[in-house]
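I have placed the structure first, in the form of structure tokens, so that the comments after it can refer back to it.
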Amino acid sequence: MIDIKLLREDPALVRASQRARGEDEGIVDAILAADESRRSSLTEFERLRAEQKSVGKDVARAQGAQRAALLARTKDMAARVKELESAAAAAQEQLDALMYRVGNIVEPGVPVGGEDDYVVRKTVGTPRDFAVEGFTPKDHLELAEGLDAIDMGRGAKVAGARFYFLKGVGARLEMALLDVAMHQAVAHGFVPLVTPTLVMTDIMRGAGFLDEHAEEVYHLQSDDLWLTGTSEVALAGYHSGELLDLANGPLRYAGSSTCYRREAGSYGKDTRGIIRVHQFNKIEMFVYCDPAEAAAEHERLLAMEEEMLGKIEVPYRIIDTAAGDLGGPAARKLDCEAWVPTQGRYRELTSTSNCTTFQARRLNTRFRGASGRNEIAATLNGTLATTRWIVAILENHQQPDGSVVVPAALREHVGLDVLMPIG
């Protein structure tokens, strides 16, 4: 969550951020009112509590009628203290609920608007001209079925719509992709982690995944555990409640996990193939750092993603996501989108977000600052590889006979230079 002190001192900044996100800026006034109510109730509670203790000492010294009168007074005071304590607790609960509805403060320079109002930062590579090459490209599913690499039918039979089996060279391609990504992360000093895919409610909420999008997450009600849609959640909780030592620089992790998403509200979207599915695998980078270093770390994560995209040899572009398309925890998000030939457009493969102190404040993750005081850490995340990348690899490296050339960086891991059609 954002810092309540920031909201008190600069409510106009928070209103502007809410406005940029296309969200209710009136909540700022509601929070200020709730905060004033909480502080007023707490001040009165503490004053009366101190008076109650003072009168208690007088009772011990008093006798007779005076003692009886003081006892009656302390009884009334005790009831009033209890009321004020309850009022302060209720005001705190209301304040917390309102604060959890406010997204992170959008960074200066983030484009204003919604999903289509992004700004293209960079374009790399040129899409193939299949017409010049003399053939019509196949989409990733047709190619994969020809390679016997993906089985959507049996996936649906076993688990329902938007599930699938990766098979043979499809499975080998995904494992190679994830392995190359993890090797790259380790080479750059990231500590590899295989993370839990079930987390407790306080971790899910702390990471910012239950605010406005709880319907997109699978919940095991009998255990009160949540299936994570990204290892970012577990990684955000890894150091919750801890005081970090950042004297030697940021802590950088690379989490490997299976991810689960309900895809609520996506009915009819990307129903063909594996672009939008309920389960996939991913390598996720996660960083804890001094907030002063967060912007530089964001660029570092982006460079890591570009290095990995270079290894799969596909045209891509980088976009600065508009404020209205940011998730609640992100102050800025940069997406890397690969060219998908059969769709004639760029599609998101990976993104990296600077969450500043938003997640760490919720999860009470601090570090010893230069001043010697404990301060809230900043967190960042970025995807280094995921199952969806197979779509871009298959479509961009296909040949007229339905075979697919394996990018050079993956060949040793796949064990093949070319994926050949079956039959």
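Only the coordinates and a few stated rules stand behind these numbers; no lab work does. What you are looking at is a predicted structure, and each value in this text was computed from that prediction instead of being measured. Neighbour counts run over all protein chains shown; Cβ positions are idealised from the backbone, glycine included.
In this structure, the residue pairs whose Cα-Cα separation is over 26 Å, taken from LYS157/LYS282; LYS157/LYS333; LYS157/LYS311; LYS282/LYS311; LYS167/LYS333, are LYS157/LYS333; LYS157/LYS311; LYS167/LYS333.
The amide H of ASN281, built 1.01 Å from its N in the peptide plane, has CYS259, THR387 as neighbours under 5 Å, considering only residues 5 or more places off or on other chains.
Scaled against 2.2 N^0.38 Å for its residue count N, the alpha carbon radius of gyration of segment 119-419 is 1.02.
Counting other beta carbons within 10 Å of each residue's own, what order do ILE274, ILE27, ILE422 fall into, fewest first? If you can, show how the numbers build up before the last one.
Values: ILE274 25, ILE27 18, ILE422 11.
The most exposed by this proxy come first: ILE422, ILE27, ILE274.
With contacts taken as Cα pairs under 8 Å at a separation of at least 6 residues, the chain carries a relative contact order of 20 percent. Within segment 295-333, which residues have the backbone N less than 15 Å from the label spot 7 Å out from GLU212 along Cα→beta-carbon, could you tell me? Only 322-333 fall inside the zone, counting backbone N under 15 Å.
The string of couplings for segment 222-235 from the Karplus curve (6.51, -1.76, 1.60, θ = phi - 60°) is 5, 10, 6, 10, 10, 7, 7, x, 6, 5, 3, 5, 5, 5 Hz, one whole number per residue in order, with x for Gly and Pro. Going 7 Å from the Cα of ALA33 in the Cα-to-Cβ direction, what parts of segment 84-103 have a backbone nitrogen less than 19 Å from that spot? The answer is 87-102.
For segment 118-191, the share of alpha carbon pairs falling in successive 5 Å distance bins from zero is 3, 12, 12, 12, 15, 18, 16, 9, 2, 0 percent.
Protection proxy ranking, highest mean first, for peptides 226-233, 16-23, 88-95, 391-398: 226-233, 391-398, 16-23, 88-95, where packing is the per-residue count of other beta-carbon atoms within 10 Å, averaged.
Which residue, ARG101, ARG272, ARG80, tops the fluctuation ranking in a GNM of the chain built on C-alpha contacts under 10 Å? In the Gaussian network model the winner is ARG80. Applying 1/(1 + (r/R0)^6) with R0 = 56 Å to the Cβ-Cβ distance of ALA50 and MET420, what FRET efficiency is obtained, to the nearest 0.05? Once the sixth-power term is evaluated, E becomes 0.10. Sorting LYS157, LYS282, LYS167 by the number of Cβ atoms found within 10 Å of their own Cβ, with the fewest placed first, yields LYS157, LYS167, LYS282. If the chain linking ARG121 and THR201 were pulled fully straight, counting 0.36 nm for each residue of separation and taking away their Cα-Cα distance, it would gain 25.1 nm. In order along segment 88-95, phi translates into HN-Hα couplings of 5, 5, 5, 5, 5, 5, 5, 4 Hz, rounded to whole numbers, per the Karplus curve 6.51 cos²θ - 1.76 cosθ + 1.60 with θ = phi - 60° and x for Gly and Pro. Using just its DSSP H runs of length 4 or more, each adding -39500 (n - 2.57), the chain gives a mean residue ellipticity at 222 nm of -13500 deg cm²/dmol after division by all residues.
Think of the chain as having a plus end and a minus end, set by charges on the Cβ of Lys, Arg, Asp and Glu; of GLY155, GLY372, ALA50, ALA50 sits farthest toward the positive end of this dipole. Taking max minus min of the alpha-carbon positions on each principal axis, segment 183-281 gives extents of 49, 32, 21 Å, largest first.
A cut-off of 5 Å between modelled amide H atoms, ignoring neighbours fewer than 5 places along the same chain, links LEU225 with LEU220. Charges were assigned to the Cβ only: +1 to each Lys and Arg, -1 to each Asp and Glu. The resulting dipole of the chain about its Cα centre is roughly 1460 debye.
Neighbour counts of other C-beta atoms within 10 Å: give me TYR118, TYR316, TYR267 arranged from fewest to most. Write down the numbers at each step before the final one.
On the way: TYR118 21, TYR316 24, TYR267 8.
Lowest to highest Cβ neighbour count: TYR267, TYR118, TYR316.
Within the straight-line cut-off of under 17 Å between alpha carbons, the lysines reachable from LYS82 are LYS53, sequence neighbours fewer than 8 places apart in one chain being disregarded.
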